[in-house]
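Below you'll find the structure, written out as structure tokens, and then a few comments.
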Amino acid sequence: MTSRYDAAYRRSLADPEGFWGEAARAIDWVAAPTRVLDRDRPSGRWFPDGVLNTCWNALDRHVAAGRGGQAALVWDSPVTGTVARITYGELRDRVAVFAGALARLGVGKGDRVVVYMPMVPEAVVAMLACARLGAIHSVVFGGFAAPELATRLDDATPKVVVSASCGIEVNRVVAYKPLLDRAIELATAKPAHCVILQRPQQAATLVAGRDLSWEDAIAGAAPHACVPVAATDPLYILYTSGTTGQPKGIVRDNGGHAVALRWSMANIYAVEPGETMFTASDVGWVVGHSYIVYAPLLTGATTVLYEGKPVGTPDAGAFWRVIADHRAAVMFTAPTAFRAIKREDPEGRLLAGHDLSRFRALFLAGERADPPTVEWAQELLKLPIIDHWWQTETGWPIAANCMGLGLLPVKAGSPTRAVPGWDVRCLDAAGEEAKRGDVGALAMRLPLPPGALATLWNAEDRFRQAYLAAFPGYYQTGDAGFVDDDAYIHVMARTDDIINVAGHRLSTGAMEEVLAGHPDVAECAVIGVADELKGQVPLGLLVLKAGVGRSDAEVAKEVVQRVRDRIGPVAAFKTAVVVQRLPKTRSGKILRGTMRAIADGQEWRMPATIDDPATLQEIGAALSGIGYGRG
Ligand code: COA
Ligand code: AMP
């Protein structure tokens, strides 16, 4: 018998126009699209003549349909001891006023607004206000340092930056405003204005003429109506790590995004209007954009905005409390969060006493879901634990066990099968489809479904080069893996220098650029080594210039601080070790993969192309000196 999933999957590929044309009916259009897909771009352009407003679909339409009194957003902030419920009616009003405030500062359709905020409702208000105006938001994660923010300011050239005086981590208050001031100093593109939310935990100093407080910005602002935009107009830019220090500005359109996310809520997550979704991530990441902000609100569901951690705020029972208190139907987070909970409360004792009767499933993504963690969660919760695979670029899941289409049997270590819309193939080096079970590059046949990236901001050539050039006719994900006999996808590793640290995507290449800039460093390499909690952490290997008059430990400490200052604490770069030389091939390529295998204590083979085998012995000794490898 054909399952609902099979039928949907086949139809999505055989008749994408029919499939997505039907899905588009779940969205309110100012002008309904008469065409579903234009193939004039290799990756596809969805609903090319459709006109809509994403904010209308996320807020106003639900108020108009009688959901004005339902909670749209619950802000649960253990770090400030606050729980606040904001109804659809209230959120619509707050967003309309803030849109009016932005308009008064000169923001209009197509203008960019950078949002550098902690997990507070105003972050969501700012994003939706941009959507309301047809302006393009670019949210930058708060754990990034000033130079990273400056790079994004220069690329996005925003008229306005919306920020806050501070963020609150478990053990400290992080002053955001000095980071923002420093970033603006470093950037060539200076925003005309900054709107700063003054938080009671720490006030910020405002720059006269440029900065205004959130309160002052909204004082007397007239609520702004929704501005109709083309389905193909950009809704947001979200920067993500590429293989260099220059991040990629992923551009998401309005129409395809709304259609795909609304479809995903019903068919992947099986969340109905009126139900609650709790996504523990950050609005600075794609997971936060899609499943804290847009998808739940497009659905008329309630979203939980959680300003806290899985552990330490106050303990490893925090997620259970949030699920119970807000009656969440599904939760979504990264496996690392569950590893943290498991480490602190292996018996799951803190689950006791919480009413999880409405809780139906836990979704995990952002990194490979390791089977022991999945099994632990399964044993404890006795619910479907659903690993699903996606990327900033795709905006929503590529592979998942689609709960709304009937669950398929689970295979540990696999995010199950391709989601309708995604024609996933595993390719060998020649670009031919690999045999089932053989590892290759995971790629999608073009066109991509709605909701996938449209291009890179101001970098169409880089978009084509980075994603479409390697395998003509395909989008390359940058992930390696295989497809098994049952069409289950197995994601094994990245094919580039991206590493995944606590579900955060980081470029080792960008870290090497920072290390190489230290005056005493002649050469360096950064590798991602296995970490029990974070999945991977970066490790730096340094070769110093001749005649450096300071100790190795001093230089190592300085480069650690340098990465923290230039990329940010989120890089979790804590270890660097000085070595005499780096192992290389005869053509001069650094053997990062072999060093990684040695550090992880895995079997490794001497590469035939190595220039000097003794270098690997030296590296082995240096790594074992700091506790890596087999000692
Ligand atoms: N603003 C400022 N600093 C931030 C920050 C923010 N928004 N978010 C994180 N940081 C800092 C942290 O304070 C920490 O700094 P430290 O080195 O001084 O301790 C550093 O960045 C690393 O943060 P994090 O990755 O959160 O690690 P952690 O050690 O504080 O906590 C976990 C470990 C597993 C509990 C945590 O990583 C976690 O909850 N992960 C969930 C991952 C997730 O949501 N991923 C999103 C994709 S789904
Ligand atoms: P990001 O763009 O930050 O969401 O990171 C995307 C990358 O994280 C992917 O390309 C994968 O390398 C990895 N990733 C995300 N989800 C999974 C998953 N379920 N299994 C394995 N890897 C994953």
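The values are calculated or read from the model by the stated rules, or taken from the named source; none is laboratory data. If you're wondering where the values come from, they're calculated on a predicted model, not measured in any experiment. Positions of Cβ are generated from backbone atoms using ideal geometry, with glycine treated the same way; all protein chains shown enter the neighbour counts.
Remarks
- Residue selected from the stretch 319-376 under the condition in contact with a His (Cβ under 8 Å, 6 or more places away or on another chain) and without any contact (Cβ under 8 Å) to a residue 40 or more places away in the chain, by the criterion nearest to ligand 1 (Cβ to nearest atom): 364
- Residue 308 being modelled with pLDDT under 95 and more than 16 Å from ligand 2 (Cβ to nearest atom): no
- Residue in the stretch 511-523 that is within 16 Å of ligand 1 (Cβ to nearest atom), in contact with a Cys (Cβ under 9 Å, 6 or more places away or on another chain) and not aliphatic (A, V, I, L, M) present: no
- In the stretch 358-371, residue surrounded by the most Cβ atoms within 10 Å (Cβ to Cβ) [restricted to those that are modelled with pLDDT of 95 or more and more than 11 Å from ligand 2 (Cβ to nearest atom)]: 362
- Counting only helices (runs of 4 or more DSSP H) that sit completely within the stretch 515-631, those holding 3 or more residues that are small (Gly, Ala, Ser) correspond to 592-599, 614-625.
- Residue pairs meeting the criteria (Cβ under 6 Å; at least 6 apart or on separate chains; first under 15 Å from residue 327 (Cβ atoms), in the stretch 264-292; second polar (S, T, N, Q) and more than 16 Å from ligand 2 (Cβ to nearest atom)): 273/299; 276/302; 277/303
- Taken as a whole, the stretch 252-263 holds no residue that is surrounded by fewer than 17 Cβ atoms within 10 Å (Cβ to Cβ), of a type outside the set (Val, Ile, Thr) and more than 16 Å from ligand 1 (Cβ to nearest atom).
- Residues of the stretch 402-431 that turn out to be in contact with a His (Cβ under 7 Å, 6 or more places away or on another chain), modelled with pLDDT of 95 or more and either more than 16 Å from ligand 1 (Cβ to nearest atom) or part of a strand (DSSP E or B) (or both), as a count: 1
- When residue 417 is tested against (1) among the basic types (Lys, Arg); (2) within 15 Å of ligand 2 (Cβ to nearest atom); (3) closer than 21 Å to residue 250 by Cα, only condition (3) is not met.
- For the stretch 557-604, the tally of residues that are among the aromatic types (Phe, Trp, Tyr) and surrounded by fewer than 21 Cβ atoms within 10 Å (Cβ to Cβ) stands at 1.
- Top-ranked residue of the stretch 486-514 - restricted to ones that are part of a loop (DSSP other than H, G, I, E, B) and over 19 Å from the mean Cα position of the chain (by Cα), ranked as surrounded by the most Cβ atoms within 10 Å (Cβ to Cβ): 488
- Within the stretch 139-155, the set of residues being touching a Lys or Arg at 6+ places or on another chain (Cβ under 7 Å) and surrounded by fewer than 24 Cβ atoms within 10 Å (Cβ to Cβ) comprises 145, 146, 147.
- Residue check for residue 390: under 18 Å from residue 257 (Cα atoms), within 16 Å of ligand 1 (Cβ to nearest atom) and crowded, with 21+ Cβ neighbours inside 10 Å: yes
- Scanning the stretch 176-199 turns up no residue that is surrounded by 21 or more Cβ atoms within 10 Å (Cβ to Cβ), at pLDDT 95 or above, part of a helix (DSSP H, G or I) and within 19 Å of the chain's Cα centre (by Cα).
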